[in-house]
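Working notes, beginning with the structure itself.
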Amino acid sequence: MAGNYGFGRAMVNAGKSYSCGAELALRGSAVDNHLTWAATYSFTHACFKEYDDLDEEGHAVSYKDNHVPFIPSHKFSINSDYRVDLGHDGFRAITFGANVTGQGKTYWEADNVLSQKFYALLGAHVALDMGAVELDVWGRNLTNTNYNTFLVYSKMTGQNFAQRGNPVQVGFDLNVHF
């Protein structure tokens, strides 16, 4: 937060940092393309090589070797759909699908005191293909996992302010093809 008045974000030059990582993505199909799947994984290691600042009392503090904030250490996703052909003019196919996404530990400040622990979100959907019209009924975060998408500490108020992740969501998408 902005040091003088404690409200609003302030960007500062952190000195030097490094990051390294890797990503992997796989996808495939089976059962004559009725079963489709995909999986992703990413790993990131980002730390300060050099970052000196002043604490609230004006004393020098070093954040060397601390993790860079807002960068999750791990992310992954897995999804799969299975399509059943119905062979009817009005109802061509129905697709059942499930997915899970996850994110590893994320630090919110340079001091690495506040962090979001690993969390995973489960989703599912059922789609009905009626030719010119497609209806997809879906659910997200079906386990109602509590997590923060962003968090910041305000020195002015002495409180944390967080952006909570979405709770259980259900909905539908209707696509009409002309």
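The values are calculated or read from the model by the stated rules, or taken from the named source; none is laboratory data. Keep in mind the model is a prediction, meaning the values are calculated, not measured. Side chains are part of the model used for accessible areas, which takes the heavy atoms of the whole protein and leaves out ligands, DNA and RNA. Shrake-Rupley method; radii C 1.70, N 1.55, O 1.52, S 1.80 Å.
In percent, rounded to a whole number, the relative contact order of segment 44-149 is 21, using alpha-carbon pairs under 8 Å and six or more apart.
Taken along its three principal axes, the alpha carbon spread of the chain comes to 74, 33, 31 Å, from the longest extent down to the shortest.
GNM on the chain, alpha-carbon springs under 10 angstrom: the most fluctuating residue among 56, 134, 23 is 56.
Accessible area per residue for segment 7-94 is 73 Å², calculated with a 1.4 Å probe on protein heavy atoms, without ligands, DNA or RNA. Taking the accessible area of segment 78-178, probe 1.4 Å, and keeping the other protein chains in place, the carbon and sulfur fraction comes to 57%. For residue 64, the lysines whose Cα comes closer than 16 Å to its Cα, not counting residues fewer than 8 places off in the same chain, are 16, 49.
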